[in-house]
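Only one structure is covered here, and it is reproduced in the block below.
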Amino acid sequence: MGVRKNTYQIPYGVVETDKNNNIVELREKPKYNHFINTGAYILEPEVIELVPKNEFYNLPDLFESLNKKGDVIKSYEVNNYWIDMGHPEDYELIKQKFKS
């Protein structure tokens, strides 16, 4: 799976409490770093056999099945240009950026 480093900053102070509603920690506008899925996959041909025919089956379910079987699943960090087009407004930005 192609992955990319992503930083997300919560625009608010984040409050952590215990079971008695006591404030344990306050972090002002924290930043979180994660690897995100770029939507690029390289699969061995036999993996396709795990996908049920004629029914909806998404990739998170496939990766969960592979994990449960004990298969090795690798990631590859994508460092070059990448942009998400999963939202209509992002797609419109891409169309404008690459308009000839």
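Which of the following residues is of a type in the set (S, T, N, Q), exposed (fewer than 10 other Cβ atoms within 10 Å of the Cβ) and part of a loop (DSSP other than H, G, I, E, B): 33, 79?
79
Taking region 55-100 on its own, how many of its residues are touching a residue at least 60 places away in the same chain (Cβ under 8 Å) and of a type in the set (D, E, K, R)?
Number satisfying all stated conditions: 2.
Given the conditions (1) outside any strand (DSSP E or B); (2) surrounded by fewer than 11 Cβ atoms within 10 Å (Cβ to Cβ); (3) touching a Lys or Arg at 6+ places or on another chain (Cβ under 6 Å), report the number of the one that residue 7 does not fulfil.
Failing condition for residue 7: (1).
Just to check your reading of the model, which residue among 68, 74, 99, 53 is surrounded by fewer than 10 Cβ atoms within 10 Å (Cβ to Cβ), of a type in the set (D, E, K, R) and within 17 Å of residue 4 (Cα to Cα)? Show your work before the answer.
Numbers: 68 fails: within 17 Å of residue 4 (Cα to Cα); 99 fails: within 17 Å of residue 4 (Cα to Cα); 53 fails: within 17 Å of residue 4 (Cα to Cα).
Residue meeting the stated conditions: 74.
Identify all residues within region 84-96 that are surrounded by 10 or more Cβ atoms within 10 Å (Cβ to Cβ) and either within 17 Å of the chain's Cα centre (by Cα) or closer than 17 Å to residue 35 by Cβ (or both); write none if there are none.
Of everything in region 84-96, those that are surrounded by 10 or more Cβ atoms within 10 Å (Cβ to Cβ) and either within 17 Å of the chain's Cα centre (by Cα) or closer than 17 Å to residue 35 by Cβ (or both) turn out to be 84, 85, 90.
Laboratory data are not the source of any read-out in this text; all were calculated from the coordinates shown. On a predicted model such as this, the values are computed, not experimentally measured, just so you know. We place every Cβ from the backbone using ideal geometry, glycine too, and count neighbours over all the protein chains shown.
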